[in-house]
Structures are given as structure tokens and as C-alpha cells.
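The structure appears right after this line, and notes come after that.
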Amino acid sequence: MDIGQVLLVGCGKMGGALLDGWLARGLSPSDAIVVEPGPGAEHARATGAAVHGDAPGLPVDLAPTVTVFAVKPQNMAAVAPAYRVYAGRGSVFLSIAAGTPIAAFENFLGADTAIVRSMPNTPAAIGQGMIVACPNGQVTDVMRQACDRLLGAVGRVAWIDDETHMDGVTAVSGSGPAYVFWLIECLESAGIAVGLPAELARQLALETVAGAGALARDAAEDPATLRQNVTSPGGTTAAALEVLMAEDGLGPLVARAVDAATKRSRALA
């Protein structure tokens, strides 16, 4: 991964997953600089990256190609301004902090700073994430390509130009894994309720959701066609779908859930 030096601010679960993904894709440990005062520092050191406890401890001549903010959104106002010096050295700033708009970073770092706001989700921890990124007008094609390669190390990347879509992105893919985990829990409980052993019910729920998701992602057919292929007229799947696809069934419920998450994302921003 020939990008240059990457400065990672924050090495918690998501930051650590990013670091692991970059190194697996060929980023040299000598090009990875990490700022992490907490427990994540141990993991970062184990990779061979240079680790510092705070911004003042960084080398005075550091000029990272990309500066990645992987800190909690509520801490961003206290953390980000310390890195403003790198804006003047040509760094593009890549944020994975949910709910923090580009305008906030322009306030922290300067209006002429190159900024990419992104929204990953938790499957990025195993390299199966879905990440959506939005650049401001200062981001060049070269900067965008560098950020795309860094984000692509932990999943699939989509780019948007309209930042207002990020609230919907957060509601669908950012929060979406929690919805899927709840579906797994519900399937497991329903299996137990009809008499299945608990261990078997969990295995069936887990593997069915994982397998169906992989099939839907990789198949040539769209999800509606795949659903129809499984559904025999008058069969067991049709009986279940009559409940799930009723006017008060799963569709309206999911729509209400995503709408609630979208509104909450807007309010937090």
C-alpha cells in the first residue's frame, strides 16, 4: 500500500481494525503513526507502528499523507484542533466519527482543509464492513484515492457528494448490524419456542442469516427474486411471509425504525 505516512488518532476497536487492515494490505509499519493514550496502544505497538500518547509527542517534522480520526464523536472538539498543523502540510483528514459533519471539522481545522467524512459499520472489524464516504471541495482525486484505499482495507466503499445522505446512511448501514443481530436473536427465540434445542436454534439462526446475506450480496438476482425462489405457493415459507409481509408486518416496522434512526442522527449532528 504505497500511500505514505498515515497518522491514526485513536486505536480502539474500529481504529485497531483499520490499522490491521492497512498492514495486511501492505502498509509498512514504519508508515503507521498512532496516537492512543488508552488500552489500544498495546495493540498498536504489537503491530510495529510508532505509538504516541498525545499530539505534542509527535515528531515536529511529521507530514502525514492522511490523518485519520477514529475517536468518539463526543471527544472530537477536544481532540481535532491539535492536528490543525498538518492541514498546512498537505494532509487530508479522514473521519470515521458518526454524526460529526464536515462543517465541524472545517471549524476545528480551517475552512480550506481537505476533509473526508465516512461512516463505517462494525463488520469492518472482520474486513466485511460497508463504508460510505463524503469529501468536501478541498479533496483532490489523489487524496480521494488514498482514503478509498485505506477504507477499502476493511470492507466495501461507496462515495457520495451530498452530505445530507449521511443521516440515512447511518440509519441503514451504520446502525444496521444491530437490526440484524436482533433478527438473529428473534429467530433463535422463535426456534426455541417451537421446541428446538437452544444450541441448535442459535446455530440455525446464525448460519441462516450469514448464508442468506452472502448469497444476496453475491447473487446475480435481486433480493426480491431470491425471496420468490425460496417461496413455494402454499408452502411453509409462504405461510411465514403472510405474517412478515402483512400491512402491519416487518416492512413498515423497519421503515419506522430507519426513520427514527435518521431523525436521531440529524438531531445529534
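The values are calculated or read from the model by the stated rules, or taken from the named source; none is laboratory data. Since we're looking at a predicted model, the values are computed, not measured. Neighbour counts are summed over all protein chains in view; Cβ atoms, including those assigned to glycine, are modelled from backbone coordinates with ideal geometry.
Of note:
- Counted residues, region 224-269 - those being surrounded by 12 or more Cβ atoms within 10 Å (Cβ to Cβ) and among the acidic types (D, E): 1
- Hey, F93 surrounded by 20 or more Cβ atoms within 10 Å (Cβ to Cβ), touching a strand residue (DSSP E or B) at 6+ places or on another chain (Cβ under 7 Å) and aromatic (F, W, Y) or not: yes
- Among the residues examined, E221 does not qualify as part of a helix (DSSP H, G or I) and assigned by TED's automatic domain parsing to the domain that holds L253.
- Within region 152-211, the set of residues being part of a loop (DSSP other than H, G, I, E, B) and in contact with a strand residue (DSSP E or B) (Cβ under 8 Å, 6 or more places away or on another chain) comprises V154, I160, D161, D162.
Results for (1) among the acidic types (D, E); (2) on the phi > 0 side of the Ramachandran plot, shown as yes or no for each residue.
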residue	(1), (2)
L187	no, no
G195	no, yes
L200	no, no
L206	no, no
G211	no, no
A214	no, no
D222	yes, no
S232	no, no
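- One residue alone among V66, V85, V60, V51 is under 16 Å from C11 (Cβ atoms) and more than 20 Å from the chain's Cα centre (by Cα), and that residue is V51.
- Search result, residues across region 12-37 that are assigned to a loop (DSSP other than H, G, I, E, B) and either of a type in the set (G, A, S) or not assigned by TED's automatic domain parsing to the domain that holds A55 (or both): G12, G26, S28
- Sole residue being free of Cβ contacts under 8 Å to residues at least 60 places away in the same chain and assigned to a loop (DSSP other than H, G, I, E, B), chosen from A63, A77, A104: A63
- When region 153-169 is limited to residues that are of a type in the set (V, I, T) and either over 20 Å from M1 (Cα atoms) or touching a residue at least 60 places away in the same chain (Cβ under 8 Å) (or both), the one that is surrounded by the fewest Cβ atoms within 10 Å (Cβ to Cβ) turns out to be T164.
- Residue within region 35-43 that is more than 23 Å from T122 (Cβ to Cβ) and either buried (at least 20 other Cβ atoms within 10 Å of the Cβ) or over 23 Å from the mean Cα position of the chain (by Cα) (or both) present: no
- Test: A125 is in a helix (DSSP H, G or I) and within 17 Å of the chain's Cα centre (by Cα): yes
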